[in-house]
Amino acid sequence: MTAATRSAATEPPGLETQRREVESLLRESELRAGDSWYVVERRWYEQWKEFVETGDQNSSSFPGQIDNTELFEDLDSFHLKDRLVENEDFVLVPAEAWHKLLVWYDMVEGHPPLERKVVDLPSTLKVEVYPVEIFLCLHSNMEKVITAQFSRADRIHTIQRAMCEAFSVPQGSECRLWMKSSDSSCERLRNVQVSVLDACLSTGMTVIMEMRNADGTWPSSRPQIMRNSVEEQDSYRGQPGVCGLTNLGNTCFMNSALQCLSNTPPLTEYFLRSSYLEELNFTNPLGMKGEIAEAYADVIKQMWSGRHYSVVPRIFKTKVGHFASQFLGYQQHDSQELLSFLLDGLHEDLNRVKNKEYIELRDAEGRPDQEVAEEAWRNHRRRNDSVIVDTFHGLFKSTLVCPECRKVSVTFDPFCYLSVPLPVSKERVMEVFFVSLDPNAKPVQHRVVVPKAGKVSDLCSALSEMTSVPASQMVVADVFNHRFYKIYHADESLSCILDRDDIFVYELSVLGGEEQEEEVLLALYLRERSHYRDYGSGSSSYGTSLFGHPLLLNLPRTSCSREALYSLFLQRLARYVRPPDPSEEVDEEEEEEEEEELYKTQTNGISDEEEQEDGERAGPSQTEDCGGDGQADGQPDGPAPAEPRPDLNHTEPSLEPSEEATNNTPANDTEPSPLCGTSSSANANVSANASSSANASSSANASSSANASSSGNASANATNDANNANTSGNRSGSANTDANTDANTDGSAAPPADRPQQQPCETTEEDEEEQKEEEACSPDPEANEQPAKRKLCRKKRKCLFSIQAVNSNGTTERGTGEGGSAVSFSSQPYVAIDWDPDMKKRFYNENEAEKYVKHASMDVPQQQTTVQLQECIELFTTVETLEEENPWYCPLCKKHQLATKKLDLWSLPEVLIIHLKRFSYTKFSREKLDSIVDFPLRDLDFSGCLLRKNLTNGEPPSRYDLIAVSNHYGGLRDGHYTSYAQNKDNGQWYYFDDSKVTYAREEQIVTNAAYLLFYHRQDKIRKPTLPAPSASPAPSAQPANDITSCSNEDAEPGAAAAAAASCVTMETD
């Protein structure tokens, strides 16, 4: 080509001008990340430099078209040769210089321009001569692979766009990318806005694209779906959003919160439109790198695909536990706490503010509320801007007043939900059993109203009004497992008594006399000996097990002889213990062999297992024998628990007479008296009548015990008639069984004598057998004691039972007195009467012992407290004084003050969440409030609650409709969460119980289980696009966990049992 031709074609400037312009660009251009530079073959460039330096247009050194042929491996792929060196094989020119050269000299036809980007490598900027060469393929077709080159400065979004074009992906499809290294491990390319360099993509790696399935799942991580068969996976079509969530193990709290949020229209539509993809914030240090938002989006898209009966939110649960360690594992949690974390996590993951600026908050300082509120909201939006703020955030006014200098501090703070208190009653209802002194009167169950912050004396006073028994003659005890768990002092707080405790109140006798005698408060247990000896262990001892109900009785210190105690116990047990007839006496010869066995028994009140189980409930104390069977005294026993029990009105066990609890032991009661002797005339008749024959048939009075446990069976009242009312000795709940008709008519009050037992503590036969086996392994009594023991009761009439000193657990202590030793109560106010199984069967009426009477107070139905939601909101806005743990620093006083605080609502969000604070925690008590909160389903009007009364035309209204409710059934320690929600598409209410979903009626929604309320502002509510479904049951061909209709038209709307549809079975986690 001649110079004239070139001049006519391009008309380049003069050679000197070319040289000057290009050299100036090379000299002045700096490397900036993202700029483009071009690769030029060095030989062509050197020839161009020689050409322009000669200044001769017709020089033979004319370079011709830009030719990079020497840089390519081949002219088909135009791949650069490996290991090319700058300034030896090529030169780099800035984009502006390249474009000038291209205009002046053109390029060899078919050659691509070698554009290269400047990349910001650690500590340096460099032109990327060799870009990243990666393989691209689809997840659905891994065989079809294409190769492409991308700069390390390119964003991942560039790769995604290139793949969509290369593989003809339909527009609008939701895609995600994975990168696969040579070791076959895959990693999500979650942030498509980062560069290839930051994503650690390198040459030779593969990028895989997958598209979301129609059912909302991803091909790479298809979750477990509850379906009956594989064929149904693509055939099921249900109402979108009507989908259960599988309980992964105590995750009903999470499922309930997710169902409520899933049925919040603005939030769900935001995720279904995939709007979140453009707003994921991967750099927010307060966020979760977008992972919570993505995991939540996956759950929502699956639930609203209409292709699942139930979804397993395992990945979501894992993500939540990863970022909030309190939700790790499978413990039960509070759904409100989970909701609070989730809303905050979604907000930070979707925060449109990438770099939060520091904003100094200003106090109102007398400025108008409108001005301060607008400033506060503006500042809040400068740091927080997300769909969560758009949907759930409102503003309230906080006013603090210093009690000393009267400084007023006004601030406006955003809120995401309102936690409103419930009116708390200052009283509580307690159910107790009153045991009167009349031995023929059954225990009476009372329901009394006492102050929540009251003392045990208040309980006695309330009961005194019902019984006409002075409160000073009452003692309150907690009975558990046939023994006293605790005996309360009058000044102890009632908060330590739980509703499920079995509380017995015993009437004490009034001890008269001219001289003030010392009193002993005696705890009496009932025990039964085992029928079987444990010969295998080389011992011939017996075990014992507690049964029936213990008694508390007070008596003079001088009346603690064995004869007096035996007589007193017979009198107190007269209602269900039959004295023997004279015809049932046995002579000495018949008795001798039986006595030998009887007094070899080991009087161990509980088995080893029971001691371990009850160790937490009652710590035993050291014992002194108090009127025991002489033949049983001094027996070796199992290991005694170490800790003393401080429950009674005594302190540490001691032999000192000054001990508070047992300072009543008379000094003259030191001589032992025969247990069954006739030294006192008062006891002569008792002993004479107590003599019985082992072979004599039981009298008619004992026939009611025919169904009692057979020999060796310590189960109390295992076969009681169904009509007899029994109280439960199990701490899992107080007795609620109905008293029998006889008990309802028997309520006589009689002479002074303490009252028998009330609630049966039943054990299974297997437990008893294990107990017997363990108790039978205890050591044998010392051999040299046994002859003396036999002689002691020989020629005496046989007693119904023997008396033994025990500890608070009902276990015989080591080292109690010998047969002739003194009976001391100075340190042990617990005794047990031990029954031989045969004697118990003949003379102890178990059915009668378990009967009790219900007082009229039990028949009065407890009024279910109902409060209006408006009352709770008003309580939220009342003035309160800050607690000592949370004082306010007054800027004028320069110290912390217990200021008064008042909250007022200023502006409300589109979706208002109201948290009913049912769980009350104070320094003295913890409880769940089961009051029914009457909340409206439509037209909840906040206009009277808003501080800003005069709304402008542009302000939204303040009327709301209910869209979802989270329910909590149960108490503080356990329970179950469910939810009601209204489907945004068809307007139908549904009841969600984990994986089960049923239709719900509006009258079922308001219950005492409502915990979280979701309200949608009326101006934002979109009318349903589908007709409401019919109330008829779903086709029977569909699985059982599909939607079914409720048919219980008579269900009480206020009852917890009717909270769910009639076809829903509540399951406790």
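The values are calculated or read from the model by the stated rules, or taken from the named source; none is laboratory data. Please read all numbers here as calculations on a predicted model, not as lab measurements. Every residue, glycine among them, receives a Cβ derived from its backbone with ideal geometry; neighbour counts consider all protein chains shown. Ligands, DNA and RNA are stripped out before the accessible areas are found, and what is left, the full protein with its side chains, is counted by its heavy atoms. Shrake-Rupley method; radii C 1.70, N 1.55, O 1.52, S 1.80 Å.
Per this entry, Thr812 is counted among residues that are among the β-branched types (Val, Ile, Thr), at pLDDT below 85 and surrounded by 19 or more Cβ atoms within 10 Å (Cβ to Cβ).
Kindly indicate whether Tyr889 is modelled with pLDDT of 85 or more, buried (at least 21 other Cβ atoms within 10 Å of the Cβ) and hydroxyl-bearing (Ser, Thr, Tyr). Against the criterion (modelled with pLDDT of 85 or more, buried (at least 21 other Cβ atoms within 10 Å of the Cβ) and hydroxyl-bearing (Ser, Thr, Tyr)), Tyr889 does not qualify. Pairs linking a residue in segment 57-79 that is more than 30 Å from Gly14 (Cβ to Cβ) to a residue that is among the polar types (S, T, N, Q) and crowded, with 17+ Cβ neighbours inside 10 Å, with Cβ atoms under 9 Å and 6 or more positions apart or on different chains, are Phe78/Asn68.
Listed here are the residues, each with its yes/no results for (1) crowded, with 18+ Cβ neighbours inside 10 Å; (2) of a type in the set (Val, Ile, Thr); (3) at pLDDT below 90.
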{"residue": "Tyr969", "(1), (2), (3)": "yes, no, no"}
{"residue": "Ala981", "(1), (2), (3)": "yes, no, no"}
{"residue": "Glu1002", "(1), (2), (3)": "no, no, no"}
{"residue": "His1016", "(1), (2), (3)": "yes, no, no"}
{"residue": "Lys1020", "(1), (2), (3)": "no, no, yes"}
{"residue": "Thr1025", "(1), (2), (3)": "no, yes, yes"}
{"residue": "Ala1037", "(1), (2), (3)": "no, no, yes"}
{"residue": "Cys1063", "(1), (2), (3)": "no, no, yes"}
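Kindly establish whether Leu912 is surrounded by 15 or more Cβ atoms within 10 Å (Cβ to Cβ), in contact with a Gly (Cβ under 6 Å, 6 or more places away or on another chain) and over 22 Å from Val424 (Cβ atoms). Taking the combined requirement at face value, the residue does not satisfy it. When you check Tyr488 against the structure, is it buried (at least 24 other Cβ atoms within 10 Å of the Cβ) and at pLDDT below 90, yes or no? Judged against the criteria, Tyr488 is not a match.
Reported count of residues in segment 555-566, each being within 16 Å of Ala523 (Cα to Cα), open to solvent by 10 Å² or more (accessible area, probe 1.4 Å) and in contact (Cβ under 8 Å) with a residue 60 or more places away in the chain, is 4. The number of residues in segment 1-32 that are part of a loop (DSSP other than H, G, I, E, B) and modelled with pLDDT under 85 comes to 7. Scanning segment 24-38 for residues that are within 24 Å of Leu71 (Cβ to Cβ), out of contact with any Asp or Glu (no Cβ under 8 Å at 6 or more places or on another chain) and open to solvent by less than 60 Å² (accessible area, probe 1.4 Å) yields a total of 3. It is to be established whether one or more residues within segment 94-117 are among the acidic types (Asp, Glu) and within 30 Å of Lys289 (Cα to Cα). No.
Considering only residues in segment 245-283 that are hydroxyl-bearing (Ser, Thr, Tyr) and in a loop (DSSP other than H, G, I, E, B), the one that is nearest to Asn983 (Cα to Cα) turns out to be Thr264.
Residue check: is Glu269 open to solvent by 10 Å² or more (accessible area, probe 1.4 Å), of a type in the set (Asp, Glu), over 30 Å from Glu187 (Cβ atoms) and out of contact with any helix residue (DSSP H, G or I) (no Cβ under 8 Å at 6 or more places or on another chain)? Answer is yes for this residue.
Answer with yes or no whether Ser857 is among the hydroxyl-bearing types (Ser, Thr, Tyr), in a loop (DSSP other than H, G, I, E, B) and at pLDDT below 90. Spelling it out, it is not the case that Ser857 is among the hydroxyl-bearing types (Ser, Thr, Tyr), in a loop (DSSP other than H, G, I, E, B) and at pLDDT below 90. Return the residues of segment 107-140 that are part of a strand (DSSP E or B), closer than 17 Å to Ala95 by Cα and of a type in the set (A, V, I, L, M); say none if nothing qualifies. Met107, Val118, Val119, Leu125, Val127 - these are the residues of segment 107-140 that are part of a strand (DSSP E or B), closer than 17 Å to Ala95 by Cα and of a type in the set (A, V, I, L, M).
When segment 191-223 is filtered for residues that are in a loop (DSSP other than H, G, I, E, B), under 10 Å from Ile156 (Cα atoms) and small (Gly, Ala, Ser), only Ala199 remains.
Scanning segment 180-206 for residues being farther than 23 Å from Lys126 by Cβ and either touching a Cys at 6+ places or on another chain (Cβ under 8 Å) or of a type in the set (D, E, K, R) (or both) gives a total of 6. Hey, any hits in segment 954-966 for a residue that's loosely packed, with under 14 Cβ neighbours inside 10 Å, of a type in the set (Ser, Thr, Tyr), more than 28 Å from the chain's Cα centre (by Cα) and not in a helix (DSSP H, G or I)? No, segment 954-966 contains no residue that is loosely packed, with under 14 Cβ neighbours inside 10 Å, of a type in the set (Ser, Thr, Tyr), more than 28 Å from the chain's Cα centre (by Cα) and not in a helix (DSSP H, G or I). Taken over segment 45-84, the criterion of being out of contact with any strand residue (DSSP E or B) (no Cβ under 7 Å at 6 or more places or on another chain), in a loop (DSSP other than H, G, I, E, B) and open to solvent by less than 60 Å² (accessible area, probe 1.4 Å) is satisfied by Gly55, Ser59, Ser61, Phe62, Pro63, Gly64, Asp74, Ser77. Test Asp930 against the criterion of being under 30 Å from Thr467 (Cβ atoms) and in contact (Cβ under 8 Å) with a residue 40 or more places away in the chain, and give yes or no. Criteria met by Asp930. Note on segment 85-105: residues that are open to solvent by less than 70 Å² (accessible area, probe 1.4 Å), of a type in the set (D, E, K, R) and outside any helix (DSSP H, G or I) amount to 1.
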